[in-house]
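Heads up: the structure comes next, in structure tokens.
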Amino acid sequence: PAMDDDWMDIDSSDSGNDDPGLNEIDMEILDSVGEVETDEDEDMDLDSSDSISVEESDTDTDEEPYDDDTEITDPGHSSPALNHGGKTEWHEGNLLLKNIGLEKLNDRGYVNLNSIHTDRTFGYSRDRSLRPARWRAKYEVQKGLCAQVNEPYTTKRRDKEGYGKLDEFHRIHPIFRQDNWTIDDLLLGAESNCLFNKLKPVLQLATLLLEDENIVGYIFSMLDVDSHKQITLDGIEEDLGEKVFWFEPRHNLSEKERQTVWRELYELSKTLRWTEEEGLDLHGCTRGPRGSIEIALNKRHIDEVCREVSCIEDAIDWTPGSDEESARLRVKFLLASTMVHEVMHALWRNKYYPNHEPFRMDTVVAELGFQWEQLLFSGIIDNPTEDRGSPYILCIDDWPFPYEGDETDPTKLMSPKKWGMSNVFREFAVEMSFVQSMFTHEFWAQVNRYGIATFRPRRMLGVRKAVVSDYWECESPVIRGPGDGEPPSPDGAESKGIIDRH
């Protein structure tokens, strides 16, 4: 998609070399990163076409293209692993699927795409995504880890685009690079390159989500324990057996503070390893002591991403049926989100293990991965059923969900009822156009212009349902929020709880 001229000149992040505390290497890197190319003739020609589609993939390029013909499944978000056997209804009681139906969801653009367009170099142009990536590239040169920053240019003019300025190697964060994987057929080597290439769009998206300007402020505050404040609710320390803390994400970081986060992420890449585990009852988990962090992913998910296992084999027969390529795109998005979710846990664990994770502001549950997702997407995006793959739709739910917790669990301050959590729960379907856009230049141009709001999908078609929660035994019936029985805000829901804003 063609971009406007005014977008090309936007610099949404603070800059300047007058920041106190920058060392000589930082200043040199900052000077280089801060330079903005304006000559369109210097744009890097990574491919003869900036996009690929499911119908035809352009392979006549200088660098090996991503293989978008891989079949992938649902990785989830540190939640119970998929369990296909024993279910009695295909929709598993999910009201979006049960009450609205696949046909209507498909007609409204939530299931199958008519065609799929993605860009190989999505996310990297003259926007804020280039700033941390170029810092990483320069940093590796300074440390002697790269002979040069491989960012070749071409004399071919590309009308008003300027895409693909960064070499593929630096479009993927070192945390996700191939030498951090311990899975035999994904290890460095010619034979494994073909399999690993199928992961590259996922890893590129994960990198962009991890280094987005809004998330850099979240990570900075999360790791700055000196700025954390103790939660002093009556009886909390006595009930939980330890002190608990909260933090507030920072905005408008200085260049020194940004580079602090970039270094923390880079240092984590030296101690983090990715592996797979068969029979894992979670989609992913982070473990290990400081300096030796391992993130285990469910082997089923890796099989479906890299080893050509179908991601719609559990779909029911319906008209027109679940499209493999649309399901694959949903899985790519979910896998990228899940990996960043686990990196949030790894960052904390690598610095402060065994201390418990802090709460973000006044949230009632301390879970850095879900807190990241709620901050960025305004909810948790996942599959509505436990089917293998992503055969139907994606949905978004507000977090924290209604939960049943242990009264002595230091990750939960109190019961949902005492906290005042609403007894009305809403779940919305996620439009496939939103999922597809994540892999395009246009989406990241909008991120550059409008910031974090771009990551939040529209809530147009969903359902409303009542949830039942009770006080914990140790709690008195004092409610922090609205009283019981207070009607929810009008949302136009129909008799079955369907909310249709189309």
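Here are some notes:
- Check on Arg136, basic (Lys, Arg), more than 30 Å from Gly321 (Cα to Cα) and modelled with pLDDT of 90 or more: yes
- Tallying residues that are free of Cβ contacts under 8 Å to residues at least 24 places away in the same chain and within 23 Å of the chain's Cα centre (by Cα) within the range 295-335 yields 2.
- Yes/no for Phe434 being part of a helix (DSSP H, G or I), without any contact (Cβ under 8 Å) to a residue 40 or more places away in the chain and closer than 16 Å to Phe333 by Cα: yes
- Per-region count, the range 70-115, residues modelled with pLDDT of 50 or more and small (Gly, Ala, Ser): 5
- Taken as a whole, the condition of being surrounded by 17 or more Cβ atoms within 10 Å (Cβ to Cβ), closer than 27 Å to Phe122 by Cβ, in contact with a Ser or Thr (Cβ under 7 Å, 6 or more places away or on another chain) and of a type in the set (A, V, I, L, M) applies to Ile172.
- Conditions (1) in contact with a His (Cβ under 9 Å, 6 or more places away or on another chain); (2) under 28 Å from Gly420 (Cα atoms); number of the one not met by His345: (1)
- Among the residues of this structure, Pro400 counts as one that is of a type outside the set (A, V, I, L, M, F, W, C), crowded, with 17+ Cβ neighbours inside 10 Å, over 17 Å from Arg330 (Cα atoms) and out of contact with any Cys (no Cβ under 7 Å at 6 or more places or on another chain).
- Residue match in the range 287-306 (condition: aliphatic (A, V, I, L, M) and in a helix (DSSP H, G or I)): yes
- All helices (runs of 4 or more DSSP H) inside the range 189-252 with 3 or more residues being out of contact with any Lys or Arg (no Cβ under 6 Å at 6 or more places or on another chain) and surrounded by fewer than 20 Cβ atoms within 10 Å (Cβ to Cβ): 190-197, 236-240
- Condition check for Asn355: surrounded by fewer than 21 Cβ atoms within 10 Å (Cβ to Cβ), out of contact with any strand residue (DSSP E or B) (no Cβ under 6 Å at 6 or more places or on another chain) and among the polar types (S, T, N, Q): yes
- Subset of the range 277-327 [more than 30 Å from Glu103 (Cβ to Cβ) and buried (at least 21 other Cβ atoms within 10 Å of the Cβ)]: Gly284, Thr286, Ile293, Ile295, Leu297, Asn298, Ile302, Cys306
- Arg120 falls short on exactly one of the conditions (1) closer than 30 Å to Ile498 by Cα; (2) at pLDDT below 90; (3) in contact with a strand residue (DSSP E or B) (Cβ under 9 Å, 6 or more places away or on another chain), and that condition is (1).
- Any pair with Cβ under 6 angstrom, 6 or more apart, that starts in the range 233-254 at a residue that is modelled with pLDDT of 90 or more and ends at one that is surrounded by 10 or more Cβ atoms within 10 Å (Cβ to Cβ) and of a type in the set (Ser, Thr, Tyr): Phe247/Ser221; Pro249/Tyr218; Pro249/Ser221; Arg250/Ser221
- Contact map, the range 93-111: first residue closer than 19 Å to Leu329 by Cβ and in contact (Cβ under 8 Å) with a residue 60 or more places away in the chain, second residue surrounded by fewer than 17 Cβ atoms within 10 Å (Cβ to Cβ) and polar (S, T, N, Q), Cβ cut-off under 7 Å, separation 6 or more or different chains; pairs are Gly109/Ser433.
The values are calculated or read from the model by the stated rules, or taken from the named source; none is laboratory data. None of the values given here were measured: they were computed from a predicted structure. All Cβ positions, even for glycine, are placed from backbone atoms using ideal geometry, and neighbour counts span all protein chains on display.
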